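K.L.:
There's a structure below that I have some questions on.
The values are calculated or read from the model by the stated rules, or taken from the named source; none is laboratory data. Quantities reported herein were computed from a predicted structural model and do not represent experimental measurements. Please note that ligands, DNA and RNA were not included when accessible areas were found on the heavy atoms of the full protein model with its side chains. Shrake-Rupley method; radii C 1.70, N 1.55, O 1.52, S 1.80 Å.
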Amino acid sequence: QVQLVESGGGLVQAGGSLRLSCTVSGRTFSRYAMAWFRQAPGKEREFVGRIVWASSASNYADSVKGRFAISRDNAKNAVYLQMNSLKAEDTAVYYCAAGYYTYTYYFSNSYDVWGQGTQVTVSS
């Protein structure tokens with residue numbers, strides 16, 4: 001069973017950077033993908049980005065393209081979300097998710113394993 005644990009959240013000023021980590025434990029599955037979602041107060045959970053584990057191919061929401069980047073480290077069994085040029089509207093709880101790769105990667109129901117989330121607060 002795959003388990004995910006996020007870390008790296010915190011308080012950062014607008015324009016700053018932050019890197020989130022997602023540690024993967026347990027038995028992994030072949031041809032899977034990892035994704036980041038976020039949920040701000042009073043808003044629904046939204047897609048941030050995805051990385052296909054085997055190829056490192058990635059996809060991003062328009063709101064974060066050019067600012068955020070997802071990477072993975074096989075040796076450390078970890079996925080990272082590098083966030084640059086942060087804005088106040090990036091404030092949210094960020095969640096790591098895992099599931100089989102799919103063309104509907106931007107839907108939360110495409111993923112069956114989720115982490116607990118880590119809070120990111122951007123001050124303006």
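K.L.:
Just how far, in whole angstrom, is the stretch 1-35 from the stretch 44-97 if you go by their alpha carbon centroids?
P.N.:
8 Å
K.L.:
When the accessible area of the stretch 1-108 is split by element with a 1.4 Å probe, what percent falls to carbon and sulfur?
P.N.:
Roughly 47 percent of what the probe reaches on the stretch 1-108 is carbon or sulfur.
K.L.:
Moving to a separate point now. With the other protein chains left in place, how much accessible area per residue, in square angstrom, belongs to the chain at a 1.4 angstrom probe?
P.N.:
54 Å²
K.L.:
What order do 90, 112 take when sorted by accessible area (1.4 Å probe), most exposed first?
P.N.:
Correct descending sequence by accessible area is 112, 90.
K.L.:
Ignoring ligands and nucleic acids, what accessible area does residue 87 show with a 1.4 Å probe (Å², nearest 10)?
P.N.:
90 Å²
K.L.:
Give me P(r) over the stretch 13-124, computed from all C-alpha to C-alpha distances, binned every 5 Å, as integer percentages.
P.N.:
All Cα pairs considered, the percentages come to 2, 12, 25, 26, 19, 10, 4, 1, 0.
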